[in-house]
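Input: a single structure, listed below in structure tokens.
The numbers here are math on the coordinates, done by the rules we state, and not lab data. Note that the structure is a prediction, hence the values are computed from the model and not measured. Glycine gets a Cβ as well: all are built from the backbone with ideal geometry, and neighbour counts include every protein chain shown.
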Amino acid sequence: MAFASPGVSIKEVDLTATINVADQNIGVIAIAAQKGPTDEVTYISSERELVDIFGGPDEYNYESWFAAATVIQYGGIAAIIRPAGGEPASGSDLALRTANVDTDGTTSGAILINNQSDYEENYGTTTAFSFAAKYAGTFHNGIKVAMTDVGAHQRVTVNPATTGITGVDTISAADSSRAAGTYTIGAADYTAQGSGDGATFSIVVNGSGAATVTVTSSGSGYVIDNTITVPDAKLGGGGGASLTFDVSAVGAAMQGPGQFLKWGTSPNEYYATVYSNDGTDTYSLTLWDTTKRVAVGTVLKDNAGLTIATVTAIESNDVYSGLEYDTGKKWVSIAPQPGTSPYTKARGGKFDEFHIALIDSLGNVTGNPGTLIETFTFVSKAKDAKSTEGVVSYWKKVMETQSSYLYGGEDVLVAAGDIVTVELGTGSNSNGAIGNNASSTTFPIFNKIVSQTLGSGTDYDWSTKSATINSAVETSYDLVSDPEEFGDIDFLVPGKITGTVAAKLIAIAESRRDCIAVISPQRTDVINSSTSTKKTDNIVDFFNTIASSSYAIFDSGYKYLYDKYNDTYRYVPCAADVAGLCISSTINSETWFSPAGYNRGNLRNAAKLAYSPRKAERDRLYTARVNPVVAFPGQGVVLFGDKTGLSSPSAFDRINVRRLFIELEKNIARFSKFQLFEINDELTRSAFKGAVDPYLRNVQGRRGIYDFLVVCDDSNNTADVIDRNEFQAEIYIKPARSINFITITFVATRTGVSFNELIG
């Protein structure tokens with residue numbers, strides 16, 4: 001501050017900064033799961049959540065699945081990665097596909113939506129499907145999507161007009177040989193009132209047989225095709241050939257969904273659209289003005305003003321109350337009839353509202369076929385629509401953010417033939433499609449109840465691609481390899497153990513330097529191996545191939561547990577238990593306490609072990625950096641060692657020391673980031689030391705370290721260091737050490753000996 005005259009200025013310097021401690025206890029596990037997002041990390045904190053999002057264990061993934069469940073049981077958070085294996089077109093994928101359905105009611109083909117980011121990036125404006133599952137696999141096959149919008153407002157029985165073709169004529173053949181030929185008539189003479197597209201009538205040829213002619217729409221009203229081809233068999237012999245039109249049977253005057261009707265005379269003309277036809281003469285009508293009901297005796301005309309039917313009975317003035325989203329299940333039980341939202345109405349638009357119901361038709365989701373699993377009411381066809389509370393109500397965004405099962409795809413939710421596109425009430429076409437903004441938009445409406453069922457979802461192809469799938473599971477851990485891209489983790493936990501998996505996880509841990517890879521032996525080294533000695537040999541041989549690292553923990557165990565989801569017992573590796581013991585030690589004691597032994601090293605949910613090494617075998621294992629997992633009678637199953645995978649003698653060959661330094665380094669590094677771009681002077685260095693000293697003193701008081709020294713002054717921040725824009729701090733730590741060996745000496749003495757003299 002510059003002073004123009006004498007004065008006092010007060011400034012504050014904050015030297016009270018503290019180091020925040022973050023203990024998340026996260027274990028990363030890759031699982032080829034039954035469902036769930038792929039190619040992203042999902043945090044799971046309960047077994048129920050694990051089942052809900054990723055499904056239960058199966059014959060292929062149970063080792064990985066129970067690894068995740070075990071981390072959770074010890075109080076940790078499981079960071080789950082489900083591999084996708086590439087896009088379907090790659091040719092080397094895992095055969096994983098996403099269930100979907102197109103507007104025509106059929107599946108649109110082999111698609112793979114990995115996760116929400118993938119959906120937003122590649123499918124947010126898609127025309128590939130109308131609905132697709134949020135999770136790839138078979139799990140969501142059979143989800144039925146039912147939709148209804150403004151719909152029908154009245155149900156009537158009509159007496160169709162059955163006559164109305166005017167003009168009967170005889171045409172003489174110009175061909176004197178009476179051969180087959182083409183005969184032209186004047187179309188204007190044969191106007192068909194109310195016959196409609198597809199109606200037929202007969203042509204009698206010399207009384208000897210009949211051909212048929214189809215009535216088609218052309219301009220105003222309906223006309224007969226003016227070109228008629230007569231086959232040779234229809235031409236009789238003798239005299240001039242003649243064709244006679246027989247107009248005795250025209251067919252039904254009214255059509256099915258989408259036909260437009262009007263009654264009354266201007267300016268009191270009213271309009272409706274045929275919504276559905278039950279196959280008789282009973283029709284549901286969509287009324288543009290719901291206050292203008294059709295009465296018995298009303299003469300209904302088409303758009304050309306030609307009479308097509310007379311109303312003979314009215315079944316109900318409340319059609320919506322009878323509409324079903326599934327057999328025997330009414331829409332009215334979910335919500336009142338949709339129409340136009342306040343948002344769209346205020347902007348001059350209409351008919352944007354509709355309802356969506358999801359039904360578990362096969363029972364894949366709930367176990368009970370036909371269960372209603374989700375509803376989304378009064379969602380909007382308008383892209384910019386909001387509810388009265390200001391929440392986005394556009395149907396695709398609602399599905400994306402609120403549905404647990406489906407994403408929305410193309411904005412044409414139903415086939416073109418199932419959408420009413422003309423609003424006769426205003427004499428104009430609808431001026432917008434689904435997905436337009438609300439302003440002045442008349443949205444097309446569905447002309448029938450719409451239902452579509454998802455299909456084509458497939459699971460991992462274990463029968464032919466098991467090696468590819470296992471490789472994809474291993475590769476999935478690359479998602480967490482960069483600590484800047486993916487934040488704090490504590491453990492890397494494999495399911496199926498191989499040498500390449502072990503090497504992969506240890507390499508990631510070594511690179512990150514903030515987590516530990518926990519590795520059990522290969523399954524074949526322990527399960528069904530002939531003798532305990534052979535198992536020991538196998539385990540030692542396997543871990544001898546694994547590189548030395550203090551960022552790894554090796555164990556000897558496979559435990560036997562009950563799989564309640566499949567009612568069977570399974571052997572699973574103990575690696576997740578070792579990670580879990582570390583987690584529970586952090587929760588109940590401190591990070592730097594050993595997870596081994598009778599106090600903190602008891603494994604959970606272990607009915608028995610596939611291999612419980614004896615003392616001599618434990619000696620061999622421990623020398624080979626392997627922590628024995630031992631079943632002690634009356635003591636339970638215990639982790640009986642606390643070595644890291646470091647082969648050379650060092651303080652870092654102990655789990656508690658490695659975990660101590662990981663925690664110290666994480667927390668101090670996190671605090672140190674705030675020193676970036678500050679001035680390297682005595683004030684900054686003092687502030688740093690002033691935060692680190694009390695933090696380490698606190699750790700010392702909690703028995704984590706014996707002593708420490710922090711050097712951060714001009715002795716290590718020399719002029720050269722400062723000129724290089726660097727900041728130097730040196731922290732010396734004497735870590736607390738765990739007890740691995742106890743020697744107790746009992747000395748027998750003569751009666752007259754003084755103990756004090758003996759000790760001396």
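In table form, for the structure just shown:
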quantity: Descending semi-axes in Å of the range 661-745, equivalent ellipsoid built from Cα gyration tensor; calculated: 32, 13, 11
quantity: Spatially proximal aspartates and glutamates relative to LYS504 (Cα-Cα < 14 Å; intrachain offsets below 8 disregarded); calculated: GLU474, ASP478, ASP482
quantity: Cross-link pairs LYS262/LYS350; LYS35/LYS330; LYS496/LYS564; LYS292/LYS386 - those with Cα-Cα distance over 27 Å; calculated: LYS35/LYS330; LYS292/LYS386
quantity: Rg to Rh quotient for the range 360-401, alpha carbon positions, Kirkwood Rh; calculated: 1.17
quantity: Distance histogram for the range 510-657 (every C-alpha pair counted, 5 angstrom bins, percent rounded to whole numbers); calculated: 2, 10, 20, 24, 21, 14, 7, 3, 0, 0
quantity: Proximal lysines relative to LYS673, as straight alpha-carbon distance under 23 Å, when same-chain residues fewer than 8 apart are discounted; calculated: LYS689
quantity: Within the range 647-682, chymotrypsin sites (Phe, Trp or Tyr not before Pro) in DSSP loop having at most 16 other beta-carbon neighbours inside 10 Å; calculated: PHE677
quantity: Peptide ranges 541-552, 367-378 listed from the most packed, as the mean C-beta count within 10 angstrom indicates; calculated: 541-552, 367-378
quantity: Theoretical FRET efficiency, 1/(1+(r/R0)^6), r = Cβ-Cβ of VAL8 and LEU683, R0 35 Å, to 0.05; calculated: 0.95
quantity: Partner aspartates and glutamates for LYS534 [C-alpha distance under 14 Å; skip if fewer than 8 residues away on the same chain]; calculated: ASP525, GLU617
quantity: Per-residue ³J(HN,Hα) for the range 619-626, Karplus 6.51 cos²θ - 1.76 cosθ + 1.60, θ = phi - 60°, Hz, x for Gly and Pro; calculated: 4, 5, 4, 5, 5, 8, 6, 9
quantity: Two-decimal log10 I(q)/I(0) for the range 403-540, as the Debye equation yields it once each C-alpha is a single scatterer, q = 0.18, 0.21 Å⁻¹; calculated: -1.09, -1.24
quantity: Under Karplus coefficients 6.51, -1.76 and 1.60, residue-wise ³J(HN,Hα) of the range 382-392 in Hz, glycine/proline x; calculated: 8, 5, 9, 5, 9, 6, 5, 8, x, 8, 4
quantity: Amide H contacts of ILE705 (H built 1.01 Å from N, under 5 Å, at least 5 apart or other chain); calculated: GLN700, ALA736
quantity: Listed residue pairs exceeding 30 Å between alpha carbons, taken from LYS301/LYS397; LYS329/LYS397; LYS559/LYS615; calculated: LYS301/LYS397
